[in-house]
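Notes for the one structure printed next.
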Amino acid sequence: MKPELGVCYYPEHWPQDVWAEDAKRMVETGLTWVRIGEFAWGKLEAKQGVYTWEWLDKAVKILGDAGLKVVMGTPSATPPKWVVNKYPDMLAVDEDGRERKFGSRRHYCFSHLGFRAEAARMAGDMAKRYGKNPYVQVWQIDNEYACHDTTLSYSAAARLGFQDWLAQKYQSPAALNRAWGNVFWSMDCDDFAEIDLPNLTVTEPNPAHVLDFKNYSSDQVVAFNAAQVSAMRRYTDRDFVHNYMGIETSFDHFKVGEDLEIASWDSYPLGFLERFETNEGDDFKAKYAQQGNPDFQAFHHDLYRAVGRGRCWVMEQQPGPVNWGLYNPIPLDGMVKLWSMEAIAHGAEVVSYFRWRQAPFAQEQMHAGLLRFDRVNAQAQIEAKQLADELKNLGDISHKTAQVAIVFDYKSAWAWDIQPQGASFDYFKLVFEQYCALRKLGLSVDFIPANATDFGNRKLVLIPALMTWSEQLNKAIADFDGVVIAGPRTGSKNADMQINQPLGPNFAGAKVSRVSSLRPNVKLPLKSAGNAINWFEEIELSQGAEAVEFTQDGAPILTKTDQHYYLTAWLDVEAYANIFEILAKQAGLKTSLMPEGVRLRDMGTKQLLVNYNNCEAKFGDIHLAAASYKILEGLN
């Protein structure tokens, strides 16, 4: 793979007489890709059926003639006012019953079939015009699904769609009543039309009801994406991509990705540092305020590489201060380059910066670009050019399957959001902390979906907090020769979100008899190192199983049968790292305890060593300057 760099550009924001100069400067910077069009519906079709393609034709030609490959976005994230006037009930409704009005972006409900058809029609018209254009090489569908909490909508369209979805799933109200346990609180229904949306109830609604609604809502995102792809395929043979977001679990990205060739995501390390709460607290955020969390970007590169079945991009890379964080500092010099190279080391074929030039108007005018709004190069442009020059000499970068993998499941994220049983229980955070512990041991990690049927030639697989085992996953485990670590909370429910009978998970000899959620200031010290936090399970051990790690009070923390292990608690990173190091060595893996803020990533026959610290760091005999990286050769 020869990695490339790109940029997001909005020709409609600038006078046409600067487009050619912009394109020339992009090429001089070392960029080869440019994304356009994803917010331009109103400029392309100001009134229904009245198109103005000429400006976009010209922009594509100028960019392409300069040597740039175009990613063309479909503009369904910003439907113009005439579309809203045509479909006044297309607007989403929030959980409190308030309509989410026109006036910014993403003002639509995924369940509205009229708008879905309108968006697909517009996407098809764009593909008809540009599908064979030699400069348009990739299509992006919509922009940042779920952004601004827009997956769930409590509209009339969603209610009707949900009722139909339930009828197809359960076939009879009696079957739904059994699955949901509607005998509880006299909630039995006689007709699917009686089922309302699970909001504005006096107290919490039935968790199975909410889980089905989240599942339905996810399916609407999948269907919305598929409708556009289907309308476009007949006119183009180019690859399709969507730009997902960080910390986003409200829909199943794996299912959306089935209709796309590439997964991308929008990487904003400093913005997400403030949005994502970790156990380290404010001191940690202050230390990494200009660099970002050392594991956050890598986590998403690895996750979206799995969503893209091995193919991933970064569609928007933070170039400087953003406008939407709680605080918006300037990145430490060197970090834009480091973030970009780290993405490439994790498999990104393209790293695209958002945006080319800072806009002096509207909502994102405080968001930096590669250029300032006065057209002067910003620090990010300097670092992008430096990286482009380095990539010319780096040659091909190959990637191989990591020997460690984590099972990631969006349905489990929904389940534990619905029924956390403790304010600290967060599926994403639990998975992230296990991932961090593996990274602190110098291990590279893949993600795999819960319906995987094969773990391949990996040596260690983690299955944290998976709500229910699938038949496919059971097969993968049975066929796997390596070490499997499940828990906590793995296999605790059936597919209808009911407690298993007999009690689960019946993995590594563990049967969970009681669970306890822990306050943030309560820790259960382990005998070896670290603590149990947030969540603890009392278990019964089956014959032939053994407990191999305990709290200082003697409660089992880790059980074992052969190569299978079960964790009965959420641990802090110190405890995870201690246990994972032992089990990784049992699996035949070499570990290297990484210094604070320093991380290692395998990439074929090379390794990337990154230093997220704002000071010099050392790894073995290797010295790393602040906010820098080194490529190590000769990995076997």
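The values are calculated or read from the model by the stated rules, or taken from the named source; none is laboratory data. Not measured: the values here are computed from a predicted model. Neighbour counts run over all protein chains shown; Cβ positions are idealised from the backbone, glycine included.
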Is it true that some residue in the range 342-350 is of a type in the set (A, V, I, L, M, F, W, C) and modelled with pLDDT under 95?
-> no
Does the range 281-295 contain at least one residue that is surrounded by 18 or more Cβ atoms within 10 Å (Cβ to Cβ), charged (D, E, K, R) and under 20 Å from SER76 (Cα atoms)?
-> no
Search result, residues across the range 463-499 that are of a type in the set (A, V, I, L, M) and in a loop (DSSP other than H, G, I, E, B) | ALA465, LEU466, MET467, ALA495, MET497
Answer yes or no: is there a residue in the range 452-462 that is assigned to a strand (DSSP E or B) and more than 17 Å from TYR566 (Cβ to Cβ).
-> no
Any chance you could count how many residues in the range 448-487 are closer than 14 Å to PHE507 by Cβ, of a type outside the set (A, V, I, L, M, F, W, C) and free of Cβ contacts under 8 Å to residues at least 12 places away in the same chain?
-> 1
Which residues, counting only those in the range 126-142, are among the polar types (S, T, N, Q) and part of a loop (DSSP other than H, G, I, E, B)?
-> ASN133
Selected residue [within 23 Å of ALA127 (Cβ to Cβ) and not hydroxyl-bearing (Ser, Thr, Tyr)] from GLY73, GLY67 | GLY73
Across the range 79-97, what is the total count of residues that are surrounded by 21 or more Cβ atoms within 10 Å (Cβ to Cβ) and assigned to a helix (DSSP H, G or I)?
-> 2
Residues that are at pLDDT 95 or above and polar (S, T, N, Q), drawn from the range 608-636 | ASN611, ASN613, ASN614, SER628
State which residue is nearest to the chain's Cα centre (by Cα) when the search covers only the range 152-186 and only residues that are surrounded by 15 or more Cβ atoms within 10 Å (Cβ to Cβ) and part of a loop (DSSP other than H, G, I, E, B).
-> LEU152
Test for ALA223: is it at pLDDT 95 or above, within 30 Å of ASP188 (Cα to Cα) and assigned to a helix (DSSP H, G or I) | yes
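One line per residue, one yes/no per condition, for (1) assigned to a helix (DSSP H, G or I); (2) at pLDDT 95 or above; (3) surrounded by fewer than 21 Cβ atoms within 10 Å (Cβ to Cβ):
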| position | (1), (2), (3) |
| --- | --- |
| VAL407 | no, yes, no |
| SER412 | yes, yes, no |
| ALA415 | yes, yes, no |
| GLN421 | no, yes, yes |
| LYS429 | yes, yes, yes |
Only one of ARG519, ARG514 that is assigned to a loop (DSSP other than H, G, I, E, B), among the basic types (Lys, Arg) and either in the same structural domain as GLU433 (by TED's automatic domain parsing) or under 30 Å from the mean Cα position of the chain (by Cα) (or both) = ARG519
Quick check: is even one residue across the range 319-327 over 17 Å from the mean Cα position of the chain (by Cα) and of a type in the set (Phe, Trp, Tyr)?
-> yes
Is it true that TRP324 is in contact with a helix residue (DSSP H, G or I) (Cβ under 7 Å, 6 or more places away or on another chain) and surrounded by fewer than 22 Cβ atoms within 10 Å (Cβ to Cβ)?
-> yes
In this structure, is ALA263 under 26 Å from GLY161 (Cα atoms) and small (Gly, Ala, Ser)?
-> no
Return yes or no: is ALA23 touching a Pro at 6+ places or on another chain (Cβ under 8 Å), over 20 Å from ALA227 (Cβ atoms) and surrounded by 19 or more Cβ atoms within 10 Å (Cβ to Cβ)?
-> no
Can you confirm whether the range 389-397 contains a residue that is among the small types (Gly, Ala, Ser), at pLDDT 95 or above and either crowded, with 18+ Cβ neighbours inside 10 Å or not in a helix (DSSP H, G or I) (or both)?
-> no
With respect to the numbered conditions (1) within 27 Å of GLU277 (Cβ to Cβ); (2) in contact with a helix residue (DSSP H, G or I) (Cβ under 9 Å, 6 or more places away or on another chain); (3) in a loop (DSSP other than H, G, I, E, B), which one is the sole condition not fulfilled by THR591?
-> (1)
The range 34-78 - residue that is β-branched (Val, Ile, Thr) and outside any loop (DSSP other than H, G, I, E, B) and, of those, surrounded by the most Cβ atoms within 10 Å (Cβ to Cβ) = VAL71
Consider GLY246 carefully, then state whether it is buried (at least 23 other Cβ atoms within 10 Å of the Cβ), in contact with a helix residue (DSSP H, G or I) (Cβ under 7 Å, 6 or more places away or on another chain) and either closer than 30 Å to HIS399 by Cα or not assigned by TED's automatic domain parsing to the domain that holds GLU95 (or both).
-> no
Of the residues in the range 170-214, those that are within 23 Å of ALA92 (Cα to Cα), in contact (Cβ under 8 Å) with a residue 60 or more places away in the chain and in contact with a His (Cβ under 7 Å, 6 or more places away or on another chain) number 0
Does LYS337 meet the test of being out of contact with any Asp or Glu (no Cβ under 6 Å at 6 or more places or on another chain) and surrounded by fewer than 24 Cβ atoms within 10 Å (Cβ to Cβ)?
-> no
Counting only residues that are of a type in the set (A, V, I, L, M) and in a helix (DSSP H, G or I), which one in the range 250-281 is nearest to TYR410 (Cα to Cα)?
-> VAL256
